[in-house]
Amino acid sequence: MKVCVQGLWHLGSVTAACLASVGHEVSGLDSELGAIANLSLGKAPLFEPGLDDLLAAGLANSSLSFYTDSLQAVADAEVLWVTFDTPVNEEDEADIDFVQTQIKRALPFLKKNSIVLVSSQMPVGSIKRLEAFAKKYHPEKCLNFACSPENLRLGKALDIFLRPDRVVVGIRTESDKQILQQLLLPITDKIEWMSVESAEMTKHAINSFLAISVTFANEIAAICELVGADAKEVERGLKTEARIGSKAYVSPGGPFAGGTLARDIAFLGSESKAHQLLTPLLSAVRLSNDEHKNWARRNLLKYLGGLSGVVVAIWGLTYKPETDTLRRSLAVELCDWLIQQGAIVRVYDPAVKNMPEHWGGKIVPCANPMQAVDGADALVVGTEWPEFKRVAGDLNIAGKVGLVIIDANRHLAASRSEFINAGYKYIAVGTSMADGV
């Protein structure tokens, strides 16, 4: 099939490369000249394992091309797949107008009876508004709209796109279903067909459920720390309960960093408020999550007292492992706070080449993990890179006597006994305070 993928940041570049890899003829459309220039050379806009190679393969066999011109990009396309990463401000408010404006600009160039498949995250009801716009301003096009909610995760995007558990697709007509089946069957036959509004709402519901699960697990973990329980053991008790299940999102650890989860909580909150509907559970999620963001700070102050002049090593800065993205990074937020406290901060991350400009040289970048921890009073695991597990054993040699290790997600837990034997304090979310470590 001929497909135009519109919006070429993370979601779009992955979608375009993967569709080309399964045999579709794909054109990518974006107004960013720099992004198009790099993509045309096989360079993704951000680091995603395997993506550059997949882009290069598509370009080499001519199944993939990139344009800033809408007429060139959408010519003869049967499907316009909208994949903008919806911009979100620091308050988790999404810029829906940006996405809708970009879609509207492409509509005049589509051929008659094309399908516009939207994966960009927008509030439920957005596609209905696009349909009304198309009917009013481009009735001769007879355009059809569908929804397939984005389902990617940084660092694992190619595997999730090409080997999904299932794909959710919201449609209006049986003919739309037949065309989109042709598009998706090279990837999977596990497709959940539903109405457009149900598909839009499914994404909100999934992210809200995950956000609630994270905050629930961390509130339970906070109580565990006070009463002598271990939250990981409690997690095991939860997951072996048949009504909850082994894949439940109930692991104690760090808070979610905003972005998609917070955006959908905000979407549902706005929609509820517009209809005078009270949603106290959803309304409490952000408050709980924001409070848990202070967990590392509380423990640094508890075990080190004042932080002025204290040396703190940070292992990992990125939003999550296997990406070089710093936006929404909790480790960066922690560094900002440590600077304010007067701490001396040393950082190491295998993917970050340049420190954030707003630090103005107040952070010491290090060439390797052990350089960062040499002589440090505390070590905070900011991002769970696999490299840190491999070098954890060396801490017994490089670490300072009394080193405090703050490891929210227990990434280094396999070395916990060695840390304790070395006289270190190992602190993780949900670890009993009664352990005295």
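Just one of the listed residues (245, 269, 237) is in contact (Cβ under 8 Å) with a residue 12 or more places away in the chain and small (Gly, Ala, Ser), and it is 269.
Residue by residue, here is whether (1) of a type in the set (Gly, Ala, Ser); (2) under 25 Å from residue 95 (Cβ atoms); (3) touching a His at 6+ places or on another chain (Cβ under 6 Å) holds:
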| position | (1), (2), (3) |
| --- | --- |
| 226 | no, no, no |
| 239 | no, no, no |
| 245 | yes, no, no |
| 249 | no, no, no |
| 261 | no, yes, no |
| 265 | no, yes, no |
| 282 | no, yes, no |
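Applying the criterion of being part of a helix (DSSP H, G or I) and without any contact (Cβ under 8 Å) to a residue 40 or more places away in the chain to the residues of region 272-283, the residue that is surrounded by the fewest Cβ atoms within 10 Å (Cβ to Cβ) is 280. Considering only region 7-29, state which residues are among the small types (Gly, Ala, Ser), over 14 Å from residue 73 (Cα atoms) and part of a loop (DSSP other than H, G, I, E, B). Across region 7-29, the qualifying residue is only 23.
What about residue 336, is it of a type in the set (Asp, Glu), in contact with an Asp or Glu (Cβ under 9 Å, 6 or more places away or on another chain) and outside the structural domain of residue 223 (by TED's automatic domain parsing)? No; evaluated as a whole, the condition is false for this residue.
The number of residues in region 72-110 being farther than 29 Å from residue 259 by Cβ, surrounded by fewer than 18 Cβ atoms within 10 Å (Cβ to Cβ) and modelled with pLDDT of 95 or more comes to 1.
Among the residues making up region 309-361, a single one is among the β-branched types (Val, Ile, Thr), in contact with a Gly (Cβ under 6 Å, 6 or more places away or on another chain) and either in a loop (DSSP other than H, G, I, E, B) or modelled with pLDDT under 95 (or both): 323. I'd like the full set of residues that are assigned to a helix (DSSP H, G or I) and more than 24 Å from the chain's Cα centre (by Cα), limited to region 221-231. Once the filter is applied, which keeps residues that are assigned to a helix (DSSP H, G or I) and more than 24 Å from the chain's Cα centre (by Cα), region 221-231 yields 222, 223, 224, 225, 226, 227, 231. Is one or more of the residues making up region 384-400 in contact (Cβ under 8 Å) with a residue 40 or more places away in the chain and under 20 Å from residue 302 (Cβ atoms)? Looking through region 384-400, none of the residues is in contact (Cβ under 8 Å) with a residue 40 or more places away in the chain and under 20 Å from residue 302 (Cβ atoms).
Can you confirm whether residue 206 is surrounded by 13 or more Cβ atoms within 10 Å (Cβ to Cβ) and modelled with pLDDT of 95 or more? Taking the combined requirement at face value, the residue does not satisfy it. Of the residues screened, residue 151 is one that is assigned to a loop (DSSP other than H, G, I, E, B), free of Cβ contacts under 8 Å to residues at least 24 places away in the same chain and either crowded, with 18+ Cβ neighbours inside 10 Å or not charged (D, E, K, R) (or both). Would you call residue 369 outside the structural domain of residue 215 (by TED's automatic domain parsing), surrounded by 22 or more Cβ atoms within 10 Å (Cβ to Cβ) and not aromatic (Phe, Trp, Tyr)? When the stated conditions are applied, residue 369 passes them.
Just one of the listed residues (237, 254) is at pLDDT 90 or above and crowded, with 20+ Cβ neighbours inside 10 Å, namely 254.
Residue count for region 367-391, restricted to those that are over 19 Å from residue 155 (Cα atoms), under 26 Å from the mean Cα position of the chain (by Cα) and hydrophobic (A, V, I, L, M, F, W, C): 2.
The values are calculated or read from the model by the stated rules, or taken from the named source; none is laboratory data. In this text the structure is predicted, and so the values were computed from the model without any measurement. Virtual Cβ from ideal backbone geometry, glycine too; neighbours counted across all protein chains shown.
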